[in-house]
Amino acid sequence: MKNTLRIGKFLISTGVNGPGKRFVIWFQGCPLRCKGCFNPEFWDEKGGILMSIDDIMECINRAKGIEGVTFTGGEPLMQVKPLLELTKRIKEKGLTILCYTGYTYEEIMNERVPGAKELLKWFDILIDGPYKEEEKAPLLWRGSKNQKVYFLTERYKYLEPLVLREGLREVELRISTGEITMTGIFDTILWEKLINKL
């Protein structure tokens, strides 16, 4: 459906899913299914829930003090047409957009994913490439060395030197009634040990 997106989860994050306080959307469905993926629960294309763009925007509007929205997943570019509409609505609010994708910048520019090239005009940051377990490293906002950070607008260009350094991996842990949430880029072994302890 044109005005709906399949969503896996929402979360308000403070700095581990991009710069500043951000509204994070995990999109449901991923054809890439990288070995060692942090989020295999978002692979299933029939999982999650279908939400209208209006309802998603209502959730974003209720989030106080955010400076932007982060698209992750799953694979956000699986839902290009409605994602473009959502992106335009977010930018109208003056919010920044960071998008994670398992596709490379070159693949997007060469239109391997039809329509995705148009999205790049609206993103402030793109973090590209599949997660490669054999290249995993402690990098800001990404899990493996092959993944690159593209500053597509001037808004966050000042952070460019920071993302080139290793050893800056950050994790956010939330414990509430009946739910434990860990976000950011982390080693899945750490998550398994934590769950076993709790």
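Brief remarks follow.
- Rolling a 1.4 angstrom probe over the stretch 1-40 with all protein chains present gives an accessible area of which 56% lies on carbon and sulfur atoms.
- Of all DSSP beta bridges in the stretch 96-150, antiparallel share, percent nearest 5: 60
- Efficiency of FRET between Ala63 and Arg33 - r from beta-carbon atoms, R0 30 angstrom, step 0.05: 0.50
- Net charge dipole size for the stretch 1-143 [Lys, Arg +1 and Asp, Glu -1 on Cβ; Debye, nearest 20]: 320
- Per-atom-type breakdown for the stretch 47-172 gives carbon and sulfur 50% of the accessible area (1.4 Å probe, protein chains only).
- Prolate/oblate/rounded call for the stretch 1-96, Cα gyration tensor, a/c under 1.5 rounded: oblate
- All other residues whose Cβ lies under 13 angstrom from that of Glu106 are scored, Lys and Arg at +1 and Asp and Glu at -1, for a net of 0.
- Probing with 1.4 Å while keeping every protein chain in the model, the per residue accessible area of the stretch 76-150 equals 45 Å².
- DSSP beta bridge pairing in the stretch 52-171, given as percent antiparallel to the nearest 5: 50
- Cα Rg over Rh - the stretch 67-169, Kirkwood: 0.96
- Nitroxide proxy distance, nm - points 7 Å out along Cα→Cβ at Asp54 and Glu85: 1.1
The values are calculated or read from the model by the stated rules, or taken from the named source; none is laboratory data. Since this is a predicted model, take the numbers as computed values, not measurements. So basically every Cβ, Gly included, is an ideal-geometry build from the backbone, and we count neighbours across all protein chains shown. Remember, those area values only see protein heavy atoms, side chains included, never the ligands or the DNA or RNA. Shrake-Rupley method; radii C 1.70, N 1.55, O 1.52, S 1.80 Å.
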